[in-house]
Amino acid sequence: MFLYDFSELTSSIHNSISSVMSPLATTVVEMVIAGIVFLLFYALVGLILVYAERKICAFFQCRLGPMRVGKWGLMQTIADFIKLLMKELIMIKNADKLLFNLAPFIVIIASFLAIGAIPFAKGLHALDFDIGVLYVMAVSSIGVLGILLAGWSSNNKYSLIGAMRSGAQVVSYELSVGLSLMTIVVLAGTMQFSEIVEAQNTGWFIFKGHIPALIAFVIFIISSTAETNRGPFDLAEAESELTAGFHTEYSGIKFALFFLGEYMNMFIVASIAATVFLGGWMPLHIVGLDSFNMIMDYIPPFIWFISKTAIIIFIMMWIKWTFPRLRIDQLLTLEWKYLLPINLVNITLMALCVLNQWHF
Amino acid sequence: MNSEGLILFFLLGLTLVGFAIVFSYFIPRKSENLQKYETYECGIPTYGLSWIQFNVGYYLFAIMFLIFDVEAVFLFPWAVVMKELKMVAFIEILIFFVILGLGLMYAWKKQALKWE
């Protein structure tokens, strides 16, 4: 029924490679191909997101943003990247050398592990675990270890306070992320991403689960913004009080890697939201309107996925540039006294809906 | 390619960061400077180390997180089989939530959720 099925493409590539090579060599070649594709995709998304953030921020503040390098400043992020790559790496005298160097690895590896589990389109899916949702939660929370290590090993008061705040914030909001995803798992009855997307064939979960799903979606957007350390929850790097927070002492490309990791985490949470709540690569289908559904089917699933993700990323940037930064006590109050109890009630509500077949 | 995929993505992260750091270690021009490798805190000389004991508030929240995260691990299998078990699962989770809610209420009343 889907016009664009990537599983045929991938299986044909697999067959053509395995016809000329041994099974071991086939696996290696396939992994190299997938690796190059993901590396390019990762870099491309990073560049685009940094540019988009600067432009969107500028438009919200009635500025033009980067305009000089390339047409509309399109080359700005590439120029910045080259500049950062050519900067000297400074190793602070008092720092814990091993942990200081280890921190960027942990942050980037965590985001790579998470990005592998995202279903981009039918068949374009590197890691399809049957515990997909749990897996993504698990690996995305490794990232906070990198932040804590970075802050601790820098031996700098700003970094330490930033890392501690970040730790308290990320572990708190991770609960809300997990519980809001769990609300949808109750409705879907599975944790596998491919099955979650397939189940949204007749309607996205945010429509299917109506009230509880909508509440879960709002909670997910709030808490994932907090989990990625973005404003208004960017206490970990509150520049007016903590210089740059946990990455104060990092220079050159190591700083850039933290920056990249942050943007990739934003992409990951946005694509998880798109997958779980907004149907992933499923086109918008309205029951009864067959001709409308046919037209929607002609748009490739990859475009659907990317545009849904882009909309959620835009909402997150909108939130960042609209609200003032929270204080840490307000931040923790919001999570523990509002979002968590609401979430628990919301799961019960969703269970009630599933029990009585109130969803459609 | 699930288990191989895990290794692949681990290696991808390792390669990206490794290459970037090795490149920046060898290629850029280096300069020496007396104060370059000092800790950056406002420009004045740093007072003492930063490896100190820290506000207990953070640890309280970490402990609270531990309780609720273990609870989340219990809830995930429940969420998957909820559709099949129907009423039994629902009543059991209600009891679970009541106990959990009592715990949260206790922490709330004990001011554990209040930032000092």
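Quick notes on this structure:
- Spatially proximal lysines relative to A:K97 (Cα-Cα < 25 Å; intrachain offsets below 8 disregarded): A:K83, A:K87, A:K157, A:K254, B:K30, B:K36
- Projecting the Cα atoms of A:I206, A:I184, A:S154 onto the dipole axis of segment A:117-213, where Lys and Arg carry +1 and Asp and Glu carry -1 at the beta carbon, places A:S154 farthest toward the positive end.
- For segment B:2-109, with +1 on Lys and Arg beta carbons and -1 on Asp and Glu, the positive-most of B:Q53, B:S24, B:G101 along the dipole: B:S24
- Of every Cα-Cα pair in the protein assembly as shown, the percent that sits beyond 28 Å: 56 percent
- Reachable lysines, given that their alpha-carbon falls under 17 Å from the alpha-carbon of A:K337 and they are not under 8 places away in the same chain: B:K109, B:K110, B:K114
- The chymotrypsin sites (Phe, Trp or Tyr not before Pro) of segment B:1-91 meeting both criteria, a DSSP state outside H, G, I, E and B (loop) and at most 15 other C-beta atoms within 10 angstrom of the site's C-beta, are B:Y37, B:Y47, B:W51, B:F54.
- For B:K83, the lysines whose Cα comes closer than 24 Å to its Cα, not counting residues fewer than 8 places off in the same chain, are A:K208.
- With a simple spin-label model that places each label point 7 Å from the Cα along the Cα-to-Cβ direction, the separation between A:I319 and B:F96 comes to 2.7 nm.
Read-outs: derived from the displayed coordinates by stated rules, not from any lab. For clarity, every value in this text was computed on a predicted model and none was experimentally measured. So basically every Cβ, Gly included, is an ideal-geometry build from the backbone, and we count neighbours across all protein chains shown.
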